[in-house]
Amino acid sequence: DEKGLFYALDLGGTNFRVLRVHLGGKESRVVKQEFEEVSIPAHLMTGSSDELFDYIASALAKFVATESDSQHVSPGRQRELGFTFSFPVGQDVVGELTKAIERAGVDMRVAALVNDTVGTLAGGRYNNPDVAAAVILGTGTNAAYVEHTHAIPKWHGLLPKSGEMVINMEWGNFRSSHLPLTEYDQALDAGSLNPGEQIFEKMISGMYLGEIVRRVLCKMAEEAAIFGDTVPPKLKIPFILRTPHTSAMHHDTSPDLKVVATKLKDILEISNTSLKLRKLIVEVCDIVATRGARLSAAGILGILKKLGRDTVKDGEKKKSVVALDGGLYEHYTKFRTCMENTLWELLGEEASENIAVEHSMDGSGIGAALLAASHSQYIEVEEP
């Protein structure tokens with residue numbers, strides 16, 4: 001039912017977007033939305049949090065200044081913002097952002113702090129009440145879903161009237177003896193910034209797939225001399241091979257695998273490879289991506305099973321939609337196709353008919369604006 005003008009700030013890994021959303025209530029829904037994407041300079045990633053938040057706040061101030069006469073908040077009202085932020089940091093990010101917004105001279109209140117998965121769930125659910133879960137498959141991975149409150153043993157407070165609650169799973173941190181960890185996963189984990197954590201994520205997400213491929217190729221170079229007598233020096237550099245590179249090699253359809261040859265030369269300084277070797281490299285990319293995609297599908301099935309949506313009960317036709325977002329899902333076609341096919345395979349023909357997977361483009365930004373609106377300090381929100 002919410003009406004009015006709301007802002008969202010969606011902070012990704014290397015860029016952020018600012019959004020302005022005009023909500024028209026039940027009838028007209030999203031009347032208008034505008035956004036701007038801003039990339040974060042590399043030096044701010046490693047600098048102080050003050051510098052980073054000041055940079056973000058100044059971009060926000062510039063964006064606010066572009067409000068048109070018809071698109072502004074009512075006089076005497078504070079603008080309200082939903083903030084999407086999905087990284088663990090040692091500070092209260094809302095406090096830091098609020099101080100930076102004040103320093104930038106903008107009258108704005110942070111009404112909601114949201115992670116990208118919950119934002120995607122909110123945005124998806126607003127457009128389609130059948131959305132039961134949201135999954136991010138990007139640089140990192142996570143999932144959130146709507147649970148019946150009576151199924152949450154940890155909850156001891158007052159129960160929400162709806163009888164439902166959002167569960168942010170942080171599934172990237174899932175680990176289990178059933179996960180097919182290899183020596184490459186163990187070595188990657190041991191050398192990471194957070195050893196022993198985010199194990200599921202390290203097998204699935206865009207941050208790590210290219211690095212797993214690199215480690216496998218490195219081992220093959222050492223033990224089977226696939227690149228000749230010496231191991232190419234560049235191949236020894238952690239994270240030099242990124243997932244977009246392995247995706248490009250995996251999708252190479254040229255008869256002589258020209259893309260593979262070019263990537264090997266440009267990134268790893270390996271030239272004169274045989275077609276047979278290039279085919280082998282594509283196969284390694286395929287194995288690593290397929291495993292990640294199938295594990296993602298298993299995770300989604302786990303959510304549907306928990307909700308009792310993995311089987312069809314007495315011919316009921318209850319639709320369940322899973323909203324997906326993230327660069328890995330969006331851009332790595334073979335990963336996406338394999339993930340979806342695995343999900344249908346796991347569900348079986350009958351249950352699959354009631355399940356849909358939908359790409360939620362920038363759902364988390366819209367979701368954050370909607371959550372800011374539903375937590376507005378002006379409960380009786382009128383037309384702007």
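Which one is surrounded by the fewest Cβ atoms within 10 Å (Cβ to Cβ), of the residues in segment 295-323 that are of a type in the set (A, V, I, L, M, F, W, C) and closer than 15 Å to S205 by Cβ?
Taking segment 295-323 first, the residues of a type in the set (A, V, I, L, M, F, W, C) are 295, 297-298, 300-301, 303-304, 307, 312, 321-323.
After this cut, where a residue has to be closer than 15 Å to S205 by Cβ as well, the list is 295, 297-298, 300.
Details: L295: 18, A297: 21, A298: 16, I300: 26.
Top of the filtered list is A298.
Filter segment 6-32 down to residues that are open to solvent by 80 Å² or more (accessible area, probe 1.4 Å) and in a loop (DSSP other than H, G, I, E, B) and give me whichever is farthest from L328 (Cα to Cα).
R29
Quick one: how many residues across segment 223-243 are closer than 25 Å to C338 by Cβ and open to solvent by 80 Å² or more (accessible area, probe 1.4 Å)?
Final tally of qualifying residues: 2.
(1) out of contact with any His (no Cβ under 7 Å at 6 or more places or on another chain); (2) of a type in the set (V, I, T); (3) open to solvent by less than 30 Å² (accessible area, probe 1.4 Å): which one isn't true of I267, the others all being true?
Condition not satisfied by I267: (1).
What are the pairs with Cβ atoms under 7 angstrom where one residue, in segment 64-80, is surrounded by 14 or more Cβ atoms within 10 Å (Cβ to Cβ) and the other, located anywhere, is assigned to a loop (DSSP other than H, G, I, E, B)? Sequence gap at least six, or different chains.
Hits for this filter: V64/V106; H72/P384; V73/P384; R77/Y378; Q78/D107; R79/V73; R79/D107; E80/S376.
I'd like to verify a number: residues in segment 204-251 that are touching a residue at least 60 places away in the same chain (Cβ under 8 Å), closer than 22 Å to G12 by Cβ and in contact with a helix residue (DSSP H, G or I) (Cβ under 6 Å, 6 or more places away or on another chain), how many?
Here the count works out to 4.
Pairs under 7 Å by beta carbon, first residue touching a residue at least 24 places away in the same chain (Cβ under 8 Å) and in a helix (DSSP H, G or I) in segment 252-265, partner of a type in the set (S, T, N, Q) and buried (at least 18 other Cβ atoms within 10 Å of the Cβ), six or more apart or different chains?
If the second residue must be of a type in the set (S, T, N, Q) and buried (at least 18 other Cβ atoms within 10 Å of the Cβ), no pairs are left.
With segment 33-144 as the region, which helices (runs of 4 or more DSSP H) entirely inside it contain at least 2 residues that are more than 19 Å from the chain's Cα centre (by Cα)?
Values: elements: 42-46, 49-64, 93-103, 116-127.
The helices (runs of 4 or more DSSP H) meeting that bar are 42-46, 49-64, 93-103.
The values are calculated or read from the model by the stated rules, or taken from the named source; none is laboratory data. Just so we're clear, the structure is a prediction, and the values are computed from it rather than from any experiment. Neighbour counts run over all protein chains shown; Cβ positions are idealised from the backbone, glycine included. The protein model used for the area step is the full one, side chains on, heavy atoms only, and it has no ligands, DNA or RNA in it. Shrake-Rupley method; radii C 1.70, N 1.55, O 1.52, S 1.80 Å.
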